[in-house]
1. Can you name the residue in the stretch 97-126 that is under 15 Å from the mean Cα position of the chain (by Cα) and of a type in the set (Phe, Trp, Tyr) and, of all such residues, is surrounded by the most Cβ atoms within 10 Å (Cβ to Cβ)?
2. Which one of these is aliphatic (A, V, I, L, M) and either part of a helix (DSSP H, G or I) or near the ligand (Cβ under 10 Å from one of its atoms) (or both): ALA62, ALA49?
3. When you look at ALA94, is it more than 21 Å from the chain's Cα centre (by Cα), more than 16 Å from the ligand (Cβ to nearest atom), farther than 18 Å from ALA291 by Cα and crowded, with 22+ Cβ neighbours inside 10 Å, yes or no?
4. Tally the residues that are assigned to a helix (DSSP H, G or I) and in contact with a helix residue (DSSP H, G or I) (Cβ under 8 Å, 6 or more places away or on another chain), restricting the search to the stretch 207-265.
5. Hey, does the stretch 270-279 have a residue that's surrounded by 17 or more Cβ atoms within 10 Å (Cβ to Cβ), part of a helix (DSSP H, G or I), at positive phi and within 16 Å of the ligand (Cβ to nearest atom)?
6. Which of the following residues is at pLDDT 95 or above and within 15 Å of the ligand (Cβ to nearest atom): ASP135, ASP150, ASP126?
7. Out of the residues in the stretch 19-43 that are under 15 Å from LYS256 (Cα atoms) and among the aliphatic types (A, V, I, L, M), which is surrounded by the fewest Cβ atoms within 10 Å (Cβ to Cβ)?
8. Being under 21 Å from TYR120 (Cβ atoms), outside the structural domain of GLY12 (by TED's automatic domain parsing) and within 16 Å of the ligand (Cβ to nearest atom) narrows it down to one of ALA263, ALA285, so name that one.
Amino acid sequence: MTVRRSVVVGCGGYLPEKVLTNDELAQRLDTSDEWIRDRSGITQRYIAAEGEMTSDLGTAAARDALSAAGFTAADIGLIVVATSTPDETFPATATVVQAKLGADKAMAFDVQAVCSGFVYALATADNFIKSGQVDSALVIGAETFSRILDWQDRGTCVLFGDGAGALVLKAESGAGTTADRGVLSTHLHSDGRLHDLLYVDGGPSSTGEVGFLRMEGKEVFRHAVVKMAEVTVEALEANDLSASDIDWFVPHQANKRIIDGTAKKLGISGDKVVVTIESHANTSAASIPLALWVATQDQRIKRDDLVLIEALGGGMTWGSGLVRW
Ligand code: UT7
């Protein structure tokens, strides 16, 4: 049986120039490098420059991914940007990226699932490819979370950063087995009743202002460990695979303790886990594609490797995906 698969043919990333260290934060807030490192694993984060927008970050990552794929922007049929920090309320940041790239043949829209956004965007693009509606897609996670942080709230502002990552997907035919290259499956969930644990206290239809991120950290942590382990097991079972088949585990980068806890629960050894939180912090929808970018750049993730991704974010939303690189 021949099936259409969405194969990753290029991976790119972009981080803003400015680095903000824990020590710098400790000079203006009642916090310390030691607290931030111990509780989250973060030592620094990147911050977008004044005037540098989510679309700029996303466009840079997309250009990098296109170049890695040997594609031009005109080859792309679909652009999906996962972001919770769009340039404007509308239009979609994806259309701004489209114009900046000159991807004239593409349709473009945003996906909003906060930190799970990249998994949702990948699932969306994969379904467009599998249905035959497009033959190629750019899937981008891009965020300027620094713009929605309350810089007086030490419980949240120390945890997040800015950045963007991107994948180019191309339709190829596979045999319909887990030996195929490409997206093997995605698994998405949400529970809107958990809104109050992680949200932004503003928006066009409520306050008319952008608002700031609010989080019940401990509660989010509790849900993260349980739900991310569940959704990764769901991905493995759906494909009749076990944790020992995974070459690389690339989780959302929210907290080193959550990453370690989930990997341990799954029985995945530390040397198979891609961790970028120490230098990137939590870049929400950008964290997984940035981690994929780092691990392809340093040659850890190679062609035919089996990669497991998973994330949880505001909504709540959570999801996983299995990709044979
Ligand atoms: O990406 C979306 C998903 N997000 C997540 O998955 C984040 C999940 N949550 C977490 O990662 C952790 O809960 C945090 C890193 C946010 C916090 O770690 P925690 O171990 O849960 O700490 P806590 O919130 O219980 O705070 C412990 C103490 C508190 O003081 P008291 O009440 O015990 O006296 C806080 O006020 O640490 C205090 N605290 C800080 N101290 C120094 C909170 N933030 C800071 C800070 N510096 N930046």
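1. Going through the qualifying residues, I end up with PHE118.
2. The unique qualifying residue is ALA62.
3. Spelling it out, it is not the case that ALA94 is more than 21 Å from the chain's Cα centre (by Cα), more than 16 Å from the ligand (Cβ to nearest atom), farther than 18 Å from ALA291 by Cα and crowded, with 22+ Cβ neighbours inside 10 Å.
4. Within the stretch 207-265, residues that are assigned to a helix (DSSP H, G or I) and in contact with a helix residue (DSSP H, G or I) (Cβ under 8 Å, 6 or more places away or on another chain) number 23.
5. Looking through the stretch 270-279, none of the residues is surrounded by 17 or more Cβ atoms within 10 Å (Cβ to Cβ), part of a helix (DSSP H, G or I), at positive phi and within 16 Å of the ligand (Cβ to nearest atom).
6. ASP150
7. Among residues in the stretch 19-43 that are under 15 Å from LYS256 (Cα atoms) and among the aliphatic types (A, V, I, L, M), the one surrounded by the fewest Cβ atoms within 10 Å (Cβ to Cβ) is ILE36.
8. After applying the criteria, what remains is ALA285.
The values are calculated or read from the model by the stated rules, or taken from the named source; none is laboratory data. Note that the coordinates shown come from a computational prediction; the quantities given were computed from them, not determined experimentally. Every residue, glycine among them, receives a Cβ derived from its backbone with ideal geometry; neighbour counts consider all protein chains shown.
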